[in-house]
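Engineer: Got a structure for you, questions after.
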């Protein structure tokens, strides 16, 4: 009896929802332009609850299935599949508002509590089942009571998630009205998912499984649309342009180049079509066509930082670091606050192999990682730049940050020990290493 109880406790602990952000292991992508669009969509949503955009992180998951979810507190994850599926930015805004509703309602915390309560009941049920089986010698009794225990957990979860989805919908609808945004996008998503309800689980989009859908939810959204003064309001031209660019860029990078070229080759007048083609030509090895396409876009919009950024990426990935650095320098000048672009510029400068450019590269990489402390590649390249300048302690400290973001605590510990030996006690990097030791490695700060 005691042994079975211990095993079940271990199972319960293993299935509890994690408190930490489950970003490790997810195929996350970083892109300055896509992240700018998501910030533009989400900042007004977060503003309605008095939260700055930097206090809620939105992560892009490289997965073609339609899904979005909240995890680890104030972290929203949205699949590339949802961004591609959404014909209008309004659908993405509606989803972001809904997921923010889960954060406001502290639904993850509630769900963990409900799950623990249900699992405790399940443990008791299993104990009763085992006792009944021993007393009667009837294996069927054990199975029947154990099955009842499983139904307690699933029933509790369904009851809670159904209520939470209703609350998140209500928050989303109120927020969209405050923003003056139509709820049509959210309704279209629900209609799209309702059409999948008859499909078997493996064929359904994950959003349907993680967000239980009922006809009453869709009916409430439709009733709201009948009352709302914003239902017929079109999405702003700015958001339409942003979303068209996001979809084109994702198609260019994530779909087979041949299919992208076939789809967009006949639509060369649209900027987003040429944007996708520039990427697809690059991935297909057709460098001249890729550069000709992006140069044409730059001539039409010379102050568009993201066109220059893409040109820099194309050139850098083709081994033309000096030309890439020039393109990135222009992009940084046009968008100085974009950490990812500044980091790419630093990377290009390092790739030129010119020693005189290393200090400039380091300066930009430091600025990039200061602006975005979650920029893993920026920390990696910063470590390279420090190493080239023989600043080995600083290089180790940057690598500790890099591996911390990757979740490799063994390597973090190794780099922390290296940095601590080499850095001047009391320096900013040394103090940061002490923070990592005490907060993330569970060891006391060092003394020297």
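The values are calculated or read from the model by the stated rules, or taken from the named source; none is laboratory data. Model, not experiment: these values are computed from the prediction. Cβ placement follows ideal geometry from the backbone for every residue including glycine, while neighbour counts extend to all protein chains displayed.
Engineer: Consider the stretch 300-319. How many of its residues are without any contact (Cβ under 8 Å) to a residue 12 or more places away in the chain and farther than 15 Å from residue 334 by Cα?
Structural biologist: Of the residues in the stretch 300-319, 1 are without any contact (Cβ under 8 Å) to a residue 12 or more places away in the chain and farther than 15 Å from residue 334 by Cα.
Engineer: Does any residue of the stretch 279-287 turn out to be closer than 23 Å to residue 348 by Cβ, surrounded by fewer than 21 Cβ atoms within 10 Å (Cβ to Cβ), at pLDDT 95 or above and under 25 Å from the mean Cα position of the chain (by Cα)?
Structural biologist: yes
Engineer: Here's another thing I want to ask about it. Here are some residues: 265, 276. Which one is modelled with pLDDT of 95 or more and farther than 30 Å from residue 165 by Cα?
Structural biologist: 276
Engineer: Now for a different question. Examine the stretch 230-243 for a residue that is loosely packed, with under 12 Cβ neighbours inside 10 Å and touching a residue at least 60 places away in the same chain (Cβ under 8 Å), and state whether such a residue exists.
Structural biologist: Yes: one or more hits.
Engineer: Then there's this: Just checking: which of the helices (runs of 4 or more DSSP H) contained wholly in the stretch 327-437 hold 2 or more residues that are within 27 Å of the chain's Cα centre (by Cα) and over 21 Å from residue 310 (Cα atoms)?
Structural biologist: 358-371, 376-388, 392-406, 409-422
Engineer: Just to verify a result, which residue in the stretch 363-389, among those that are closer than 22 Å to residue 319 by Cβ and in contact (Cβ under 8 Å) with a residue 24 or more places away in the chain, is surrounded by the fewest Cβ atoms within 10 Å (Cβ to Cβ)?
Structural biologist: Going through the qualifying residues, I end up with 388.
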